[in-house]
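Here the structure is laid out as structure tokens; the discussion comes afterwards.
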2 protein chains.
Amino acid sequence: MKVGVVQQTCWEDKQKSLAESERLINELAEQGVELILLQELHATQYFCQTEDLQYFDLAEPLQGPTTQKLSELAKKHQCVIVGSIFEKRMAGVFHNTAVVLEKDGSLAGCYRKMHIPDDPGFYEKFYFTPGDAQRTDLKNQNAFQPIKTSVGNLGVLVCWDQWYPEAARLMALAGADILLYPTAIGWDQDDTIDEQQRQLNAWTTIQKSHAVANHLPVLVANRIGHENDPSGQTKGSLFWGNSFICGPQGEILANANDKECVALVAEIEYQRTEYLRQIWPFLRDRRIDAYSPIVNRVNLRNNNEE
Amino acid sequence: MKVGVVQQTCWEDKQKSLAESERLINELAEQGVELILLQELHATQYFCQTEDLQYFDLAEPLQGPTTQKLSELAKKHQCVIVGSIFEKRMAGVFHNTAVVLEKDGSLAGCYRKMHIPDDPGFYEKFYFTPGDAQRTDLKNQNAFQPIKTSVGNLGVLVCWDQWYPEAARLMALAGADILLYPTAIGWDQDDTIDEQQRQLNAWTTIQKSHAVANHLPVLVANRIGHENDPSGQTKGSLFWGNSFICGPQGEILANANDKECVALVAEIEYQRTEYLRQIWPFLRDRRIDAYSPIVNRVNLRNNNEE
């Protein structure tokens, strides 16, 4: 199966950003791609550089205009599209949500970002309510549930989720055939080149490791290029691109590097997962009898106990 | 702090193997190394290539001759040594055990391998009882508990454990300052060069990822070189070496590649962990309210439910 990733420039103007997405989706569809991943919040610039009430106006309902546009494209090209929206669920409850559109244009499902970052330039806790642990909209199923589609069970996670092996593992245990990460990560321009390189490598490593630990292919679509800080207080953000597709041993199949606009394509085989889980049967040997403290915040032992 | 890793040839003869360990430990100590990691089952060849009762005779009590030898070296050089023994705990209960020797030669603690592999050429389930989930010998503490030493809390894990992000995470949550993996992994010589490279990269990636996810330095000591199959049924095992030391962003500080005998040294700083956990605060945002299904074997939903 051919899969594709879009790495693109985004503008404040949603129409302009979505037109660029459409151009690259068309390009992928012409190559016979059946599953396409777009980057995090691809319809706009990354407004979380600052905390400003006006940006709540960018939010849309789950099946709002951006989802509608992606739905049309999915139907037109008969491919599954994974997009990312700023979702208004109700007044005061906004999410960073991935939407999955089926080949017939229907909404196959959505995933609401569970781990919400907050650090200078990435003020997401101001805008986004974390996803529910139990999906109240879906018979209380666990949040880390793959979305069933005609091209497999999609383990869709979003950006900061990428740093949590727990999230990838739960998707795998729930039957994911593939992991997908729409993301928006960049450098602090005051960091040294060495530090910037370490951060980029760490980011690539952790996502490849989810492939390795679970024997699943991984798609990553990251934002690219410089965006001004709307508050004017900083130099803005420099998103590092480097979107990639890797196979179930973490082997890189395609990498967008720092190209401004690119439609990345690779061929993946789900059968490979089956084979790898036989030769290196990690899931057979999990020590589930010893993992329960993983649901604690910390497990430091009280000094008095020793 | 200077840390060191020994990558060495091993012989059937324990004295000969330990003499080589001693030579390389001396070399590390001369360079001022305070913490030294040896590879898995370094006192002998890797006998798990075949299932043969005679190899149970290689096992020793926890404080047997191999531990005793390491104790002398630790005391002589005033450094902490992490070794690996085939432990006989009682008749019929054998473990693959890492031992930690303090600077004064005392046994700081041990860790009994929790995840036991079993695949052609690596018949470990025949020899090793998995470590207890709750350490009955240590006030029922969880198995994934770092060992307190004068050079920090050592998160010691063994080989196959390396594929499990759960193990590394639990060590981190319990206060580990560093992760250490004595291992013995190699190639199937019938695999293509491409497949061999993917496997080596996957192995490096997953261990680097534990550094990244937990912001901890990682030491890996792997077996090197060809060892015959005692049963004569296969071509034997080709262990791939490539022991390494990486920093808390997964950045490689030293790599032994395929050198037959090498004393690897690098400088690490625990303070770096503190800083990294502030700039990228993964542990702050863990969704412990949603992780509980991770203690299940699988989480596939019953088809009838949907």
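Observations
- Between copies, A:Leu138 shows label-point distances of 3.9 nm, shortest first, with the point placed 7 angstrom from Cα along Cα to C-beta.
- Estimated dipole of segment A:89-233 in Debye, rounded to 20 [Cβ of Lys and Arg +1, of Asp and Glu -1, Cα centre]: 760 debye
- Annotation: amide H-H contacts under 5 Å for A:Phe122 (H modelled 1.01 Å from N, sequence separation of 5 or more, or interchain): none.
- Across segment B:93-98, computed HN-Hα scalar couplings (Karplus, 6.51 cos²θ - 1.76 cosθ + 1.60, θ = phi - 60°) run 10, 10, 10, 9, 10, 8 Hz from first to last residue, x flagging Gly and Pro.
- Take each residue in B:103-116, count the other chain C-beta atoms within 10 Å of its C-beta, and the mean is 1.
- Antiparallel %, DSSP beta bridges [both residues in segment A:2-303], to 5: 70 percent
- Charges were assigned to the Cβ only: +1 to each Lys and Arg, -1 to each Asp and Glu. The resulting dipole of the protein assembly as shown about its Cα centre is roughly 1180 debye.
- Rounded to the nearest 500, the 222 nm mean residue ellipticity of chain A from helices alone is -7500 deg cm²/dmol, with -39,500 (n - 2.57) taken per DSSP H run of at least 4 residues.
- Legend: residue pairs B:Lys125/B:Lys259; A:Lys75/A:Lys208; B:Lys14/B:Lys148; A:Lys69/A:Lys103; A:Lys235/B:Lys208, Cα-Cα distance threshold 20 Å; pairs beyond threshold, B:Lys125/B:Lys259; A:Lys75/A:Lys208; B:Lys14/B:Lys148; A:Lys235/B:Lys208.
- According to the Kirkwood relation over distinct C-alpha pairs, the hydrodynamic radius of the protein assembly as shown is 25.2 Å.
- Starting from the label point of A:Pro120 at 7 Å along Cα→Cβ, the same points in the other copies fall at 5.7 nm, in ascending order.
- Per residue, the average separation of C-alpha pairs within less than 8 Å and at least 6 apart gives segment A:2-303 a relative contact order of 18 percent.
- Karplus-derived HN-Hα couplings along segment A:102-113 (A = 6.51, B = -1.76, C = 1.60, θ = phi - 60°), whole Hz, x at Gly and Pro: 6, 4, 8, x, 6, 7, 6, x, 9, 9, 9, 2
- Counts of other chain beta carbons within 10 angstrom of each beta carbon in peptide B:245-251 average 4.
- Carbon/sulfur fraction of accessible area - chain B, other protein chains in place, 1.4 Å, %: 48 percent
- Neighbourhood charge, 13 Å Cβ-Cβ cut-off, centred on A:Lys88 and excluding it, Lys, Arg +1 and Asp, Glu -1: -1
- Size of segment A:2-303 from its Cα atoms: along the principal axes, largest to smallest, the extents are 56, 51, 44 Å.
- Counting Lys and Arg as +1 and Asp and Glu as -1 over every other residue whose Cβ lies under 15 Å from the Cβ of B:Lys125, the net charge comes to -2.
- Local electrostatic count at B:Gly64 - Lys and Arg +1, Asp and Glu -1, tallied over other residues with Cβ under 12 Å: +2
- Chain A contacts chain B over a buried accessible area of about 6300 Å², both sides summed; the probe is 1.4 Å and only protein chains count.
- Over all orientations, segment A:145-234 has a Cα convex hull whose mean projected area works out to 7.1 square nanometres.
- Amide H within-cut-off set for A:Glu12, under 5 Å, with H built and near neighbours excluded: A:Gln45
- Long-range HN-HN contacts of A:Ser243 with modeled amide H, under 5 Å: A:Asn222, A:Ala256, A:Asn257
- Excluding ligands, DNA and RNA, the accessible surface per residue across the protein assembly as shown is 37 Å² with a 1.4 Å probe.
- Using θ = phi - 60° and Karplus 6.51 cos²θ - 1.76 cosθ + 1.60, couplings along segment B:9-21 (whole Hz; Gly, Pro as x): 6, 10, 10, 4, 6, 4, 4, 5, 5, 5, 5, 5, 4
- Between segment A:118-151 and segment B:181-240, the Cα center-to-center distance that results, in Å: 36 Å
- Pair A:Asp194, B:Glu22: separation of 7 Å Cα→Cβ label points (nm): 3.9 nm
- For chain A, a crude dipole built from +1 on the beta carbon of Lys and Arg and -1 on the beta carbon of Asp and Glu, taken about the Cα centre, is about 1040 debye to the nearest 20.
- Normalising the average separation of contacting C-alpha pairs (under 8 angstrom, six or more residues apart) by the number of residues puts the relative contact order of segment A:48-138 at 27 percent.
The values are calculated or read from the model by the stated rules, or taken from the named source; none is laboratory data. Just so we're clear, the structure is a prediction, and the values are computed from it rather than from any experiment. Note: ideal-geometry Cβ built from the backbone for every residue, glycine included; neighbour counts use all protein chains shown. What goes into the accessible areas is simple: the full protein's heavy atoms, side chains included, and nothing from ligands, DNA or RNA. Shrake-Rupley method; radii C 1.70, N 1.55, O 1.52, S 1.80 Å.
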